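FYI, it's all coordinate maths here, none of it is from the lab. Quick caveat, the model's predicted, so the values are computed rather than measured. Note: ideal-geometry Cβ built from the backbone for every residue, glycine included; neighbour counts use all protein chains shown.
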Amino acid sequence: MAFDLYSAFVPTIRQLLDALPDVIDKAEQFVADGNATDTELLEAKLADTMWPLPWHVRSCWMHSAYAIDQLAGGSFTPDFTDVPEGWTAMRAMIASAQERMASATREEIGALADRKIEFVLGSQTRFTLSGERFLLGFNMPNFQFHATTFYGILRMKGVALGKRDFLGNPAGPMA
């Protein structure tokens, strides 16, 4: 089988999305065990100029499910609204992204490959890329950055996480 855009993007995004609920569970248990408060974890950042923990879940959603829907229209405009306010909201946002990624088809993703995609911030187009480069050179690295940062913040705060927690199932999604 040829290696196509779907194969390059969707399985890896799904693998890392599928790992996030267990990471969230461990963070919530860390709080329940009295090791931190919800506020301490939810407001935690790696640096003062970075977003706090829930923003990284939002960004994982944005650079996976939201991106596929945006790119179909020929542009990508970041959505900075609706940041999850707690563990349950983070799980719901991940579940939404998981559902959308599970429904993505090879044909749908393949149709994006040669489409010209504009990155629009505010009312200005900042750059234009092919759909393939947008997914692989912009969305995937952004997704991985935010998933890694989410994991890193929790590790920094003392949540017992290992590399396997981040990676999830390397064989990919079961469905």
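Only residues that are within 18 Å of Pro78 (Cβ to Cβ) and assigned to a helix (DSSP H, G or I): list them for the range 99-125, please. Outline the logic, then answer.
First pass over the range 99-125, keeping only residues within 18 Å of Pro78 (Cβ to Cβ): 100, 112, 117-125.
Of everything in the range 99-125, just one residue is within 18 Å of Pro78 (Cβ to Cβ) and assigned to a helix (DSSP H, G or I), namely Arg100.
Can you tell me which residues in the range 159-175 are buried (at least 16 other Cβ atoms within 10 Å of the Cβ) and either touching a Phe, Trp or Tyr at 6+ places or on another chain (Cβ under 8 Å) or part of a helix (DSSP H, G or I) (or both)? Lay out the reasoning, then the answer.
The first filter runs over the range 159-175 and keeps only residues buried (at least 16 other Cβ atoms within 10 Å of the Cβ), leaving 159, 161, 165-166, 168, 173.
Val159, Leu161, Asp165, Phe166 - these are the residues of the range 159-175 that are buried (at least 16 other Cβ atoms within 10 Å of the Cβ) and either touching a Phe, Trp or Tyr at 6+ places or on another chain (Cβ under 8 Å) or part of a helix (DSSP H, G or I) (or both).
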Could we say that Thr81 is out of contact with any strand residue (DSSP E or B) (no Cβ under 7 Å at 6 or more places or on another chain), surrounded by fewer than 12 Cβ atoms within 10 Å (Cβ to Cβ) and not in a loop (DSSP other than H, G, I, E, B) here? no
Would you point out the residue of the range 108-158, among those that are surrounded by 19 or more Cβ atoms within 10 Å (Cβ to Cβ) and among the aromatic types (Phe, Trp, Tyr), that is farthest from Leu42 (Cα to Cα)? Phe134
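Picking from Val57, Val31, Val23, Val10, which residue would you name as being without any contact (Cβ under 8 Å) to a residue 24 or more places away in the chain, hydrophobic (A, V, I, L, M, F, W, C), surrounded by 14 or more Cβ atoms within 10 Å (Cβ to Cβ) and in contact with a helix residue (DSSP H, G or I) (Cβ under 8 Å, 6 or more places away or on another chain)?
Details: Val57 fails: without any contact (Cβ under 8 Å) to a residue 24 or more places away in the chain; Val23 fails: without any contact (Cβ under 8 Å) to a residue 24 or more places away in the chain; Val10 fails: without any contact (Cβ under 8 Å) to a residue 24 or more places away in the chain.
The conditions single out Val31.
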